[in-house]
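Enquirer: Could you have a look at this structure, given as structure tokens, before my questions?
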Amino acid sequence: MSQHGFVAIHLGAGCHSSKSEAIYKKLCKITCEKGAALLQEGKSALDVACELVSILEDSPLTNAGYGSNLTESGEVECDAGIMLSLKHQRNTRFGAVSSLKSIKNPIMVVKEIILYQNEPRLLGRTPPLVLVGEGASDFAKHRGLNLVHNSTLISDKAMRKYKKYKERLEVSRKAFSSGLKITVQPNPSQDTVGVICIDTNGDIASASSSGGIAMKLPGRVGQVPVYGCGCWAQHSSSGGVAVSTSGCGEQLIQTTLAKKLGQTILERGDPAFHLKELMCNEFIHSEILSDDVYDRMGGVLVAYYSEDSIDFSMAFTTESMVVGFMSTNHEKAIVRVSRNTSLATPTNANNSSHSSRLTMEGFIVKLIN
């Protein structure tokens with residue numbers, strides 16, 4: 001018997017135009033098939049996850065790398081993160097960057113952080129988990145990555161969106177200064193990207209990259225580079241789990257959703273049951289978020305891995321989520337643009353000022369011939 005590898009990707013939990021559905025699916029298909037091919041060549045989970053995130057970062061369709069949302073000052077600032085779990089060594093690695101302005105593929109800086117953690121500790125210095133801003137750019141340059149001018153990362157689409165929201169922001173500020181009440185939901189368009197990869201050795205990598213919310217304050221940090229919030233990967237004696245999140249970064253950070261999902265499912269199994277339970281109890285109904293008057297905006301991918309199969313699920317509270325996955329024993333990728341078509345209904349009897357709906361889908365993928 002031979003074990004196969006597995007890749008899954010998402011293009012974010014948010015609002016994806018039905019007019020662009022075909023090109024979202026094409027991007028997912030191409031990326032998944034590239035990942036399966038690399039796994040068949042014997043590439044590691046870390047290498048494949050970073051390669052696939054780079055493909056997504058290069059696409060103007062996504063809010064990561066080139067084409068990212070712009071800050072209030074009109075610049076690209078990117079976050080990226082990776083968690084790696086090695087099956088036979090039973091240990092994990094985590095690395096991340098935030099507020100990165102001068103790198104085309106932020107995920108490749110994170111890969112260098114992971115590799116740097118395995119190098120000798122000169123003077124006994126503990127290697128970093130997270131680097132930010134100029135420090136991250138300087139590290140990238142030192143590791144041989146090319147720096148680019150920030151303007152080369154700005155797409156026409158991102159600039160049009162920036163000008164539109166800049167105007168709206170000024171109108172809102174004037175209204176607020178005049179004493180008018182402002183009640184506007186956050187923009188649901190997220191398009192953060194994530195990749196889960198399990199290689200033929202059983203090693204797991206979960207990687208994410210994001211340009212953050214439109215018109216964010218310079219220096220704002222989303223969930224992607226925060227440990228236990230943007231991604232999770234871990235093994236136990238019986239299997240492994242990977243989680244990738246998308247949505248409102250502040251809500252995902254406050255609830256540490258990725259870690260809670262990963263550890264609970266790894267310990268208790270039954271991924272579909274615990275995914276639904278935790279999304280409802282620890283996110284939608286979270287007491288920590290009880291003062292947040294806005295809708296819960298979040299989406300997750302979960303891959304629960306055993307020796308012969310993967311229980312793969314997605315769950316989201318937003319309007320849509322774009323997902324693709326493929327095993328190396330598949331001939332083609334499976335791609336979904338899943339939409340939440342239910343009517344909005346209050347999900348918290350103690351707080352009817354916001355509403356969230358949960359949509360879930362699940363698949364079983366065989367890994368053994």
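Enquirer: Say we look at the stretch 105-129 and pick out the residues that are of a type in the set (V, I, T) and open to solvent by less than 60 Å² (accessible area, probe 1.4 Å); which of these is farthest from L70 (Cα to Cα)? Can you show your working first?
Expert: Step one: of the stretch 105-129, the residues of a type in the set (V, I, T) are 107, 109-110, 113-114, 126.
This time we only want the ones that are open to solvent by less than 60 Å² (accessible area, probe 1.4 Å), so: 107, 109-110, 113-114.
Details: I107: 18, V109: 20, V110: 21, I113: 25, I114: 27 Å.
Looking at residues that are of a type in the set (V, I, T) and open to solvent by less than 60 Å² (accessible area, probe 1.4 Å), I get I114.
Enquirer: Further question: Which condition number in (1) farther than 23 Å from V226 by Cβ; (2) in contact with a Gly (Cβ under 8 Å, 6 or more places away or on another chain); (3) at pLDDT 95 or above is the one that N105 fails?
Expert: For N105, the failing item is (1).
Enquirer: Assuming T264 fulfils every condition listed in (1) more than 29 Å from Y162 (Cβ to Cβ); (2) in contact with a Cys (Cβ under 9 Å, 6 or more places away or on another chain) apart from one, which condition is it?
Expert: (2)
Enquirer: Name the pairs: first residue in the stretch 157-183 and of a type outside the set (V, I, T), second residue at pLDDT below 80, Cβ to Cβ under 8 Å, at least 6 apart or on different chains?
Expert: These pairs meet every condition: Y165/N187; S172/I182; S172/V184; A175/I182; F176/I182.
Enquirer: Being over 19 Å from M108 (Cβ atoms) and free of Cβ contacts under 8 Å to residues at least 24 places away in the same chain is the filter; apply it to the stretch 19-40 and report the residue that is most open to solvent (accessible area, probe 1.4 Å).
Expert: K19
Enquirer: Next question. Can you pull out the strands (runs of 3 or more DSSP E) entirely within the stretch 246-350 that have at least 2 residues that are without any contact (Cβ under 8 Å) to a residue 60 or more places away in the chain and of a type in the set (G, A, S)?
Expert: Ranges flagged: 309-316.
Enquirer: Do the conditions hold for K276, that is, is it modelled with pLDDT under 95 and either over 23 Å from H88 (Cβ atoms) or within 14 Å of the chain's Cα centre (by Cα) (or both)?
Expert: Values: modelled with pLDDT under 95: no; either over 23 Å from H88 (Cβ atoms) or within 14 Å of the chain's Cα centre (by Cα) (or both): yes.
When the stated conditions are applied, K276 does not pass them.
Enquirer: Here's something else I'd like to know. S102 is checked against (1) within 30 Å of G240 (Cβ to Cβ); (2) among the hydroxyl-bearing types (S, T, Y); (3) open to solvent by less than 40 Å² (accessible area, probe 1.4 Å) and fails just one. What number does that condition carry?
Expert: All conditions pass for S102, except number (1).
Enquirer: Next question. Go through the stretch 227-273 and give me each residue that's surrounded by fewer than 22 Cβ atoms within 10 Å (Cβ to Cβ), under 16 Å from the mean Cα position of the chain (by Cα) and among the hydroxyl-bearing types (S, T, Y).
Expert: Y227, T256, listed by residue number.
Enquirer: Still on this structure, I have one more. Hey, could you check the stretch 9-18 for residues that are open to solvent by less than 40 Å² (accessible area, probe 1.4 Å) and out of contact with any helix residue (DSSP H, G or I) (no Cβ under 8 Å at 6 or more places or on another chain) and say which is modelled with the highest pLDDT?
Expert: H10
Enquirer: With respect to V148, determine if the residue is at pLDDT below 90 and either surrounded by 14 or more Cβ atoms within 10 Å (Cβ to Cβ) or hydrophobic (A, V, I, L, M, F, W, C) (or both).
Expert: Values: at pLDDT below 90: no; either surrounded by 14 or more Cβ atoms within 10 Å (Cβ to Cβ) or hydrophobic (A, V, I, L, M, F, W, C) (or both): yes.
The answer is no for V148.
Enquirer: Within the stretch 106-225, considering only helices (runs of 4 or more DSSP H) that don't extend past its boundaries, which have at least 2 residues that are among the acidic types (D, E) and either over 30 Å from S238 (Cα atoms) or touching a helix residue (DSSP H, G or I) at 6+ places or on another chain (Cβ under 8 Å) (or both)?
Expert: It comes to 133-142, 156-177.
Enquirer: Considering only the stretch 228-239, I want to know if a residue exists there that is aromatic (F, W, Y) and modelled with pLDDT under 95.
Expert: Let us first name the residues in the stretch 228-239 that are aromatic (F, W, Y), namely 232.
Next cut, modelled with pLDDT under 95 only: none.
Looking through the stretch 228-239, none of the residues is aromatic (F, W, Y) and modelled with pLDDT under 95.
Enquirer: Any residue at all in the stretch 185-200 that's at pLDDT 95 or above and either among the small types (G, A, S) or open to solvent by 90 Å² or more (accessible area, probe 1.4 Å) (or both)? Quick ask: steps written out before the conclusion?
Expert: Step one: filter the stretch 185-200 for residues at pLDDT 95 or above, giving 193-199.
In the following step, the residues that additionally are either among the small types (G, A, S) or open to solvent by 90 Å² or more (accessible area, probe 1.4 Å) (or both) were identified as 194.
For the stretch 185-200, residues at pLDDT 95 or above and either among the small types (G, A, S) or open to solvent by 90 Å² or more (accessible area, probe 1.4 Å) (or both): present.
Enquirer: Could you tell me how many of the residues in the stretch 296-319 are among the β-branched types (V, I, T) and over 16 Å from the mean Cα position of the chain (by Cα)? Full working, then the answer.
Expert: Applying the first criterion (among the β-branched types (V, I, T)) to the stretch 296-319 yields 300, 302, 310, 317-318.
Adding the requirement that they be over 16 Å from the mean Cα position of the chain (by Cα) leaves 310.
Summing the residues that are among the β-branched types (V, I, T) and over 16 Å from the mean Cα position of the chain (by Cα) in the stretch 296-319 gives 1.
Enquirer: A further question follows. Would you mind stating whether L61 is in contact (Cβ under 8 Å) with a residue 60 or more places away in the chain, touching a Leu at 6+ places or on another chain (Cβ under 9 Å) and either open to solvent by less than 10 Å² (accessible area, probe 1.4 Å) or not in a loop (DSSP other than H, G, I, E, B) (or both)?
Expert: no
Enquirer: Being assigned to a loop (DSSP other than H, G, I, E, B) and closer than 17 Å to G133 by Cβ is the filter; apply it to the stretch 75-99 and report the residue that is most open to solvent (accessible area, probe 1.4 Å). Steps first, answer last, please.
Expert: Looking only at the stretch 75-99, we keep the residues that are assigned to a loop (DSSP other than H, G, I, E, B), and these are 75, 77, 87-90.
Then drop every residue that is not closer than 17 Å to G133 by Cβ, which leaves 75, 77.
Working: E75: 58, E77: 7 Å².
The selected residue is E75.
The values are calculated or read from the model by the stated rules, or taken from the named source; none is laboratory data. This is a predicted model, so every value here is computed, not measured. When we count neighbours, we look across all protein chains shown, and the Cβ atoms used for this are built from the backbone with ideal geometry, even at glycine. Accessible surface is based on the protein model in full, side chains and every heavy atom, while ligands, DNA and RNA are left aside. Shrake-Rupley method; radii C 1.70, N 1.55, O 1.52, S 1.80 Å.
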